[in-house]
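Just below is one structure, and these are the notes that go with it.
The values are calculated or read from the model by the stated rules, or taken from the named source; none is laboratory data. Computed from a predicted model, the values in this text were never measured in an experiment. When we count neighbours, we look across all protein chains shown, and the Cβ atoms used for this are built from the backbone with ideal geometry, even at glycine. Side chains are part of the model used for accessible areas, which takes the heavy atoms of the whole protein and leaves out ligands, DNA and RNA. Shrake-Rupley method; radii C 1.70, N 1.55, O 1.52, S 1.80 Å.
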Amino acid sequence: TKNPTKIIMSRIKQLSKDSIIYGLGGGLVKGFSFFLLPIYTSIFSPSDYGKIEMIVVITSFLSAILIIGMDSAQSFYFYGEKNKKGKSILITSILIWRITWGVIMVVIATILSPVLNQFFFDDTLSWKYFGIAFSGALFYQILNQSLEVLRLLYKAWSFVLVSLLHTILSATIILILIFLFDKGILGYFLGTLF
């Protein structure tokens with residue numbers, strides 16, 4: 001039989017290593033986002049930046065509806081599956097459900113966007129802004145599921161690399177769309193969508 005002390009020490013060592021990787025990686029992602037804040041506030045007028053933030057808040061609410069506990073369910077049932085095939089079926093089933101549910105919710109939310117536009121923005125935005133932002137939320141939730149799978153598989157470096165790459169690529173596309181193509185607020189949401 002294995003020595004319980006060695007098992008505990010091995011787990012503590014792995015936990016310490018992963019915590020440092022996740023902590024530093026998360027810090028880099030948040031730091032990069034924090035660095036972008038003054039850039040965005042200098043590019044956009046206070047009114048435009050307020051519109052962006054309000055759409056982000058609405059999209060965050062939609063994201064909570066898109067998740068509907070699937071992230072927790074995936075984590076809970078993942079370790080209950082004994083073999084690779086069972087885990088694969090679980091992840092695929094959750095992905096199919098998330099895409100199906102997500103598309104339905106994005107369509108409904110986009111159809112309701114004129115009401116949101118009237119209530120929050122005095123009809124100053126087109127439905128396209130909402131549709132693009134809501135679609136971006138759906139794709140982000142799919143990315144988050146992939147990231148969660150990396151975490152469940154104890155692939156800390158892959159998790160951090162994908163998270164950081166997503167943040168950098170998204171910001172780069174946003175800035176290109178704003179500066180080179182003069183897309184303004186729409187460029188921000190197109191960048192997050194891509």
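At a glance:
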quantity: Qualifying residue in the range 159-169 (condition: of a type in the set (Val, Ile, Thr), under 27 Å from Ser113 (Cβ atoms) and either open to solvent by less than 60 Å² (accessible area, probe 1.4 Å) or part of a helix (DSSP H, G or I) (or both)); calculated: yes
quantity: The range 170-181 - residue that is farther than 19 Å from Glu53 by Cα and of a type outside the set (Val, Ile, Thr) and, of those, surrounded by the fewest Cβ atoms within 10 Å (Cβ to Cβ); calculated: Leu180
quantity: Residue pairs meeting the criteria (Cβ under 6 Å; at least 6 apart or on separate chains; first under 13 Å from Gly191 (Cα atoms), in the range 161-180; second open to solvent by 20 Å² or more (accessible area, probe 1.4 Å) and among the basic types (Lys, Arg)); calculated: Leu177/Lys183
quantity: Qualifying residue in the range 70-82 (condition: open to solvent by 60 Å² or more (accessible area, probe 1.4 Å) and among the hydrophobic types (A, V, I, L, M, F, W, C)); calculated: yes
quantity: When residues of the range 114-138 are limited to those that are surrounded by 14 or more Cβ atoms within 10 Å (Cβ to Cβ), more than 15 Å from the chain's Cα centre (by Cα) and touching a residue at least 40 places away in the same chain (Cβ under 8 Å), the one nearest to Ser60 (Cα to Cα); calculated: Phe130
quantity: Out of Leu125, Leu112, Leu95, sole residue that is under 19 Å from Ile178 (Cβ atoms) and out of contact with any Phe, Trp or Tyr (no Cβ under 7 Å at 6 or more places or on another chain); calculated: Leu125
quantity: In the range 17-67, the residues that are assigned to a loop (DSSP other than H, G, I, E, B) and open to solvent by 40 Å² or more (accessible area, probe 1.4 Å); calculated: Ser45
